[in-house]
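Asks: Just dropping this structure here.
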Amino acid sequence: MKKQPTPTTLYASAVLHAEQALAARLQQLKRMKAQLALLDACVPGLRARGVELELDLITWTEYDKTLRLTQIFGGKDWDVRCAAALQDLGFQVLSHEDQCSWSVMRLKRGRLRVTLSNLPTLAAMAAAGSLAA
């Protein structure tokens, strides 16, 4: 492989960075392809429950082979609503653990594994009565 010259301008550096980020995302999408195909079947049910997925924020966690679903503009309760919707759609909670001031929930339906990592702590959720773990 031919080594690319080092960029000498901000523009060239920005273009190189964008190309590298795109190549990395495309590789990640290839690794996620089978799981995304399984998630496709859930999208209508999620939408019917008011949960939209932000495609750029669906990522792959290599260490536990799961899709990580996150959201920036879905509201502060998006993860709680998403967890409830996934459970309504037949997902089972594999684990739900506190991580400092938030909690992480791993869910599974068939071969599809999903992680939500911006949930309130278990105590906060119990106090609010928002979700059964």
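The values are calculated or read from the model by the stated rules, or taken from the named source; none is laboratory data. Nothing here was measured: the structure is a model prediction, and the numbers come from that model. Positions of Cβ are generated from backbone atoms using ideal geometry, with glycine treated the same way; all protein chains shown enter the neighbour counts.
Asks: With respect to Gln35, is the statement that it is in contact with a strand residue (DSSP E or B) (Cβ under 8 Å, 6 or more places away or on another chain) and of a type outside the set (A, V, I, L, M) true? Break it down into steps so the answer makes sense when it comes.
Replies: Values: in contact with a strand residue (DSSP E or B) (Cβ under 8 Å, 6 or more places away or on another chain): yes; of a type outside the set (A, V, I, L, M): yes.
In short, yes.
Asks: Ala48: loosely packed, with under 12 Cβ neighbours inside 10 Å and within 19 Å of Ala84 (Cα to Cα), yes or no? Can you show your working first?
Replies: Details: loosely packed, with under 12 Cβ neighbours inside 10 Å: yes; within 19 Å of Ala84 (Cα to Cα): yes.
So Ala48 fits the description; yes.
Asks: While we're here: So if I check each of Gly75, Gly90, which one is assigned to a loop (DSSP other than H, G, I, E, B) and within 17 Å of the chain's Cα centre (by Cα)? I'd like the intermediate steps shown before the answer.
Replies: Values: Gly90 fails: within 17 Å of the chain's Cα centre (by Cα).
Exactly one of Gly75, Gly90 is assigned to a loop (DSSP other than H, G, I, E, B) and within 17 Å of the chain's Cα centre (by Cα), namely Gly75.
Asks: Between a first residue in the stretch 87-111 that is modelled with pLDDT under 90 and a second residue that is of a type outside the set (Phe, Trp, Tyr) and in a loop (DSSP other than H, G, I, E, B), which pairs have beta carbons less than 6 Å apart while being 6 or more apart in sequence or on different chains?
Replies: Qualifying pairs under 6 Å: His96/Ala133; Asp98/Thr121; Ser103/Thr121.
Asks: Right, here's the next one. For the stretch 1-36, name all the residues that are at pLDDT 95 or above, over 30 Å from Arg113 (Cβ atoms) and exposed (fewer than 11 other Cβ atoms within 10 Å of the Cβ).
Replies: Correct list: Thr9, Leu10, Tyr11, Ala18.
Asks: Provide a single number: the residues in the stretch 51-63 that are surrounded by fewer than 12 Cβ atoms within 10 Å (Cβ to Cβ) and charged (D, E, K, R).
Replies: Going through the stretch 51-63 one residue at a time, the tally reaches 2.
Asks: Here's something else I'd like to know. Would you pick out the residues in the stretch 98-133 that are surrounded by fewer than 12 Cβ atoms within 10 Å (Cβ to Cβ) and on the phi < 0 side of the Ramachandran plot? Write out each step before concluding.
Replies: Here is the first cut: in the stretch 98-133, the ones surrounded by fewer than 12 Cβ atoms within 10 Å (Cβ to Cβ) are 99-101, 110-111, 123, 127-129, 132.
Of everything in the stretch 98-133, those that are surrounded by fewer than 12 Cβ atoms within 10 Å (Cβ to Cβ) and on the phi < 0 side of the Ramachandran plot turn out to be Gln99, Ser101, Arg111, Ala123, Ala127, Ala128, Ala132.
Asks: Going residue by residue through the stretch 82-100, is there one that turns out to be β-branched (Val, Ile, Thr) and out of contact with any Leu (no Cβ under 7 Å at 6 or more places or on another chain)? Steps first, please.
Replies: Start the filter on the stretch 82-100 by keeping residues that are β-branched (Val, Ile, Thr), which leaves 93.
From the residues that got through so far, the ones that are out of contact with any Leu (no Cβ under 7 Å at 6 or more places or on another chain) too are none.
Scanning the stretch 82-100, I find no residue that is β-branched (Val, Ile, Thr) and out of contact with any Leu (no Cβ under 7 Å at 6 or more places or on another chain), so the answer is no.
Asks: Return the total of residues in the stretch 28-65 being free of Cβ contacts under 8 Å to residues at least 12 places away in the same chain, over 18 Å from Val104 (Cα atoms) and not in a helix (DSSP H, G or I).
Replies: 1
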